[in-house]
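Scroll down for the structure; my scribbles are underneath it.
The values are calculated or read from the model by the stated rules, or taken from the named source; none is laboratory data. Everything numeric here is computed off the predicted structure, so don't read it as measured data. Methodologically, a virtual Cβ is constructed for each residue, glycine included, from the backbone with ideal geometry; neighbour enumeration extends over all protein chains shown.
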Amino acid sequence: MLYWQQYPDDEDLEKVENWDYKNFPGLIDYMEEIWSPYGSITREGELVTFATGGWSGNESVIGAAEKNLMFRAMCWEKSERGGLDVYSLERCIHLTDEDKEINIAPQATENDFKPLKKQLDREDER
């Protein structure tokens, strides 16, 4: 069976949720790898548009991406009703090994993201 004919498993979704902020372009590539062609992915310059096509496996991938708070904060451009999500590679930060010591948000703490996490959890319950 081809990979895209399967639903993404918990391991796939966990990878998306916990993807390291130093390589968000790699996360976009990984999401494309586990994406089903029942939806679509369009790259136009630095913008990447994911359309779920109503397929719940694709919606799970987007849900996992939304739980990656740094990815959402740094790369999310917009979402539209009907399963359309747009991410900006230009806004994503890709750090090299030399830059690993950079703290991109030294003033931010886990508590700063709690309101967003609560909102996402409420949306998941719907």
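Restricting attention to the stretch 26-58, the residues that are crowded, with 16+ Cβ neighbours inside 10 Å, under 14 Å from L84 (Cβ atoms) and without any contact (Cβ under 8 Å) to a residue 40 or more places away in the chain add up to 8. Among (1) in a loop (DSSP other than H, G, I, E, B); (2) modelled with pLDDT of 65 or more; (3) loosely packed, with under 14 Cβ neighbours inside 10 Å; (4) not hydroxyl-bearing (S, T, Y), where does R91 come up short? (3) is the only condition that R91 fails.
Taking the stretch 11-21 as the range and being more than 17 Å from S88 (Cβ to Cβ) and either out of contact with any helix residue (DSSP H, G or I) (no Cβ under 8 Å at 6 or more places or on another chain) or surrounded by 14 or more Cβ atoms within 10 Å (Cβ to Cβ) (or both) as the test, the residues that pass are E11, D12, L13, K15, V16, E17, N18, D20. The C-beta contact set for the stretch 1-19 (first residue at pLDDT below 60, second residue in a helix (DSSP H, G or I), distance under 8 angstrom, 6+ apart or interchain) comprises Y3/E33; Y3/I34; W4/I34. Of everything in the stretch 16-26, what is assigned to a helix (DSSP H, G or I) and touching a strand residue (DSSP E or B) at 6+ places or on another chain (Cβ under 9 Å)? Give them in sequence order. F24, P25, G26, listed by residue number.
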